[in-house]
Amino acid sequence: MPPVVATVEGIRQAVGDARRRGLTVGLVPTMGALHAGHLSLCRAARAETGFVVATIFVNPTQFGPNEDFARYPRQLEIDRELCGQAGVDAIFAPAVPTMYPANFHTFVEVLDLSAGLCGASRPGHFRGVTTVVLKLFNIVGADTAYFGQKDFQQARLIRQLVHDLNVPLQVQICPIVRESDGLAMSSRNQYLDPTQRRHAVALYQALQAAQRTIEEGERDPEAIRGLLVRRIEDTPGAILDYAAVVDADRLQPLPRLHGEVLLALAVKFGATRLIDNILVQVRAEQRPMK
Ligand code: PAF
């Protein structure tokens, strides 16, 4: 089983030892409560780098005052076992005061890209994410960091952060891992009661229906957004937070669909907020023949 390291000095020492053995370093930042999605990131890191560090830290600065920080699942021993099976070499699991000592004053924020989608519903969330992720990058000093496409906006912001602040590291974004019915894997799925769990597949089904409609030729973003909204409104127990049809790079609406388009949903079932998305490559519209 991989060692659990709680101090900055300890993980730097482990990474330094690996580097002296000539190994490259992969980093998988997580908040724990690991599922098959996280483990796919660990396996990608295992396949591509010589020494794999998973971090497990439930980051208080990315939770709003009425969010689930206190009840977020914490299961370090189970996670350690899972990390071992996925080929992780070391786990960095710091305590909150290690990451945020009493004299902590600095936050980083990726402007504009963090304003819409989840950023609009969760003020301050991405400021907390980008700050902790930059700290983890600085602490571990990896060659490549692995993130999941499920948190598409998060991954997009982290790519921007790395570019803008010249962080010497590659960002790899790995595909969404789904349950057998299509629900995207999430540590928050365990909050759902059996009825909510049954209906939660509506997110993926709505996204797939929207994708099919685009593939059949629809290029009006509002028509696609309307379809997503209706599908969620028709789902028992589902409360729509947002449905977005945006350019995947700028995360901004498009007048007509073309290029790489992000279809994204955030939906609440009771107190549980789920997100999901699909990327669609949209061919340019054919101009009518004169
Ligand atoms: O995606 C997550 O689990 C978190 O937002 C991350 C990247 C580990 C930062 O706390």
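Packing-based ranking of 229-235, 80-86, 189-195 yields 80-86, 229-235, 189-195, ordered from highest to lowest mean Cβ neighbour count within 10 Å.
Cα-based values for the range 215-258, radius of gyration first and Dmax second, are 11.7, 33 Å.
Taking the protein heavy atoms of the range 109-251 in the context of the full set of protein chains, the accessible area attributed to carbon and sulfur is 45 percent at 1.4 Å. Only helices reaching 20 angstrom along their own axis (Cα) with mean Kyte-Doolittle hydropathy no lower than 0.5 count here, and for the DSSP H runs of the chain these are 125-140.
Quick one: Debye curve from the alpha-carbon atoms of the range 203-290 only, equal weights, vacuum; give me log10 I(q)/I(0) at q = 0.12, 0.20, 0.24 Å⁻¹ to two decimals. For the requested q values the scattering log ratios are -0.35, -0.86, -1.15. Sorting Lys150, Lys268 by solvent-accessible area of protein heavy atoms yields Lys268, Lys150, largest first, with a 1.4 Å probe. When Ile176, Ile158, Ile78 are compared by accessible area at a 1.4 angstrom probe, the order from most to least is Ile78, Ile176, Ile158. The Kirkwood radius of the range 1-147, taken over pairs of alpha-carbon atoms, gives through the Stokes-Einstein law at 25 °C and 0.890 mPa s a diffusion coefficient of 155 µm² s⁻¹.
Between the beta carbons of Ala95 and Ala120, assuming R0 = 30 Å, the FRET efficiency works out to 0.40 to the nearest 0.05.
Ordered from largest to smallest accessible area (heavy atoms of protein chains, 1.4 Å probe), the residues Ser180, Ser114 come out as Ser180, Ser114. Per residue, the convex hull spanned by the Cα atoms of the range 36-81 amounts to 101 cubic angstrom. Going by a ≥ b ≥ c, the root eigenvalues of the Cα gyration tensor, does the range 114-184 fall in the rounded group (a/c under 1.5), the prolate group (a/b larger than b/c) or the oblate group? Oblate, because a/c is 1.5 or more while a/b does not exceed b/c. The calculated FRET efficiency for Arg71 paired with Asp112, based on their beta-carbon distance and R0 = 25 Å, is about 0.20.
Between Thr213 and His35, the contour length at 0.36 nm per residue exceeds the Cα-Cα span by 60.9 nm. Thr55 contributes about 0 Å² of solvent-accessible surface, heavy atoms of the protein only, 1.4 Å probe. For Phe63, the accessible surface of its heavy atoms amounts to roughly 20 Å² (probe 1.4 Å, protein chains only, rounded to the nearest 10). Distant-in-sequence amide contacts of Val177, defined by a placed amide H-H separation under 5 Å and a gap of 5 or more residues or a different chain, comprise Met185. About its Cα centre, the range 62-171 has a charge dipole of approximately 180 debye under the convention of +1 per Lys or Arg Cβ and -1 per Asp or Glu Cβ, with nothing else charged. In the complete set of protein chains, residue-level accessible area for Glu216 is approximately 150 Å², probe 1.4 angstrom.
Entry for the range 140-290 at q = 0.10, 0.13, 0.17 Å⁻¹: log10 I(q)/I(0) = -0.40, -0.65, -1.00, Debye formula applied to identical alpha-carbon scatterers, no solvent contribution. Label sites at Met1 and Arg250, each approximated as a point 7 angstrom past Cα along Cα to Cβ, lie 5.1 nm apart. The distance separating the Cα centre of the range 206-251 from that of the range 11-39 comes to 37 Å. A dipole drawn for the chain from +1 and -1 charges on Cβ atoms has a positive end, and of His35, Gly148, Ile232 the residue lying farthest that way is Gly148. In the calculated pair-distance distribution of the chain, the portion above 29 angstrom amounts to 36 percent of the Cα-Cα pairs. Counted by Cβ distance under 11 Å from Ile275, the other residues give a net charge of +2, where Lys and Arg count +1 and Asp and Glu count -1. Selection among Val58, Ala45, Pro94 by position relative to the dipole of the range 2-101 gives Ala45 as farthest towards the positive end (Cβ unit charges, Cα centre).
The values are calculated or read from the model by the stated rules, or taken from the named source; none is laboratory data. In this text, all values refer to a predicted model and were calculated from it rather than measured experimentally. Note: ideal-geometry Cβ built from the backbone for every residue, glycine included; neighbour counts use all protein chains shown. In case anyone asks, the SASA skips ligands and DNA or RNA and just uses the protein heavy atoms, side chains included. Shrake-Rupley method; radii C 1.70, N 1.55, O 1.52, S 1.80 Å.
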